[in-house]
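*Asks:* Following this message is one structure expressed as structure tokens.
The values are calculated or read from the model by the stated rules, or taken from the named source; none is laboratory data. The model shown is predicted, which means the values in this text are computed figures rather than measured ones. Neighbour counts run over all protein chains shown; Cβ positions are idealised from the backbone, glycine included. Please note that ligands, DNA and RNA were not included when accessible areas were found on the heavy atoms of the full protein model with its side chains. Shrake-Rupley method; radii C 1.70, N 1.55, O 1.52, S 1.80 Å.
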Amino acid sequence: MSKVIYILNGPNLNLLGKREPEIYGHQTLDDVQSMCETLADELGLKVIFRQSNAEHDLVDWIQEAREAAQGIVINPAAYSHTSVAILDALNTCDFPVVEVHVSNIHQRESFRHHSYVSARANAIIVGCGVEGYLLAVRHLATRLS
Ligand code: CA2
């Protein structure tokens, strides 16, 4: 049976490709989803891909993934820098967690330099654009093989 990974996206990432292309590029979140699904298929993984602007949805989906998945890729977006709730939820998971940021958060405003989620992440990918999601999927496939 295929291993399952959740790819979770935080607030405003539904605007990817529609605003601020100089920071986030031209590809939309739908593009990212289909690229991840194609790659996951090649690697024998099943992807559950979701986005929400609400912190509690992300917490609920992490709790769902605890029961249903073998790994998470998460771009918590602005909640990276604020959310102990998302960190607590991830800390209950026994599987690998990869944190992705499309932009290089360390080259941006100082409030973006710290991520609560990084304390739990097994791997962190920043500044690779949306290719970061594909690198994360590949990394999970390697870890889970
Ligand atoms: O670089 C990333 O992936 C971020 O997680 C994106 C977040 C930001 O708050 C983090 O500091 C870094 C913002 C997501 C908002 O995405 C937009 C996309 C297009 C247009 C406007 C916002």
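*Asks:* Restricting attention to region 44-64, which residues are assigned to a helix (DSSP H, G or I) and open to solvent by less than 30 Å² (accessible area, probe 1.4 Å)?
*Replies:* Step one: list which residues in region 44-64 are assigned to a helix (DSSP H, G or I), which gives 55-64.
Scanning region 44-64 gives Leu58, Val59, Ile62.
*Asks:* Which one is nearest to Arg66 (Cα to Cα) among residues in region 89-133 that are assigned to a helix (DSSP H, G or I) and touching a strand residue (DSSP E or B) at 6+ places or on another chain (Cβ under 8 Å)?
*Replies:* Leu90
*Asks:* A further question follows. Search region 85-110 for residues being surrounded by fewer than 22 Cβ atoms within 10 Å (Cβ to Cβ) and acidic (Asp, Glu), and hand back the single one that is nearest to the ligand (Cβ to nearest atom).
*Replies:* Checked region 85-110; the qualifying residue nearest to the ligand (Cβ to nearest atom) is Glu109.
*Asks:* Among the candidates Val137, Val130, which residue alone is surrounded by 16 or more Cβ atoms within 10 Å (Cβ to Cβ), within 12 Å of the chain's Cα centre (by Cα), within 13 Å of the ligand (Cβ to nearest atom) and at negative phi? Write out each step before concluding.
*Replies:* Numbers: Val137 fails: within 13 Å of the ligand (Cβ to nearest atom).
Of the residues listed, the single one that is surrounded by 16 or more Cβ atoms within 10 Å (Cβ to Cβ), within 12 Å of the chain's Cα centre (by Cα), within 13 Å of the ligand (Cβ to nearest atom) and at negative phi is Val130.
*Asks:* Same structure, new question: Which of the numbered conditions does Leu45 fail, given that it passes all the others? Conditions: (1) over 22 Å from Leu134 (Cα atoms); (2) more than 15 Å from the ligand (Cβ to nearest atom); (3) touching a Ser or Thr at 6+ places or on another chain (Cβ under 9 Å).
*Replies:* Evaluating Leu45 over (1) over 22 Å from Leu134 (Cα atoms); (2) more than 15 Å from the ligand (Cβ to nearest atom); (3) touching a Ser or Thr at 6+ places or on another chain (Cβ under 9 Å) leaves (1) as the failure.
*Asks:* Considering each of Thr82, Thr28 in turn, give the residue that is more than 20 Å from Ala136 (Cα to Cα) and within 12 Å of the ligand (Cβ to nearest atom).
*Replies:* Among Thr82, Thr28, only Thr82 is more than 20 Å from Ala136 (Cα to Cα) and within 12 Å of the ligand (Cβ to nearest atom).
*Asks:* So for region 65-77 (the condition being farther than 27 Å from Thr38 by Cα and without any contact (Cβ under 8 Å) to a residue 24 or more places away in the chain), does at least one residue qualify?
*Replies:* no
*Asks:* Among the residues of region 9-25, is there at least one that is open to solvent by 10 Å² or more (accessible area, probe 1.4 Å), within 9 Å of the ligand (Cβ to nearest atom) and basic (Lys, Arg)?
*Replies:* yes
*Asks:* If we keep just the residues of region 65-79 that are in a helix (DSSP H, G or I), in contact with a strand residue (DSSP E or B) (Cβ under 8 Å, 6 or more places away or on another chain) and more than 15 Å from the ligand (Cβ to nearest atom), which is least open to solvent (accessible area, probe 1.4 Å)?
*Replies:* Ala65
*Asks:* Name every residue in region 1-37 that is at pLDDT 95 or above, over 22 Å from Tyr79 (Cα atoms) and of a type in the set (Gly, Ala, Ser), in order of residue number.
*Replies:* The one that is at pLDDT 95 or above, over 22 Å from Tyr79 (Cα atoms) and of a type in the set (Gly, Ala, Ser): Ser34.
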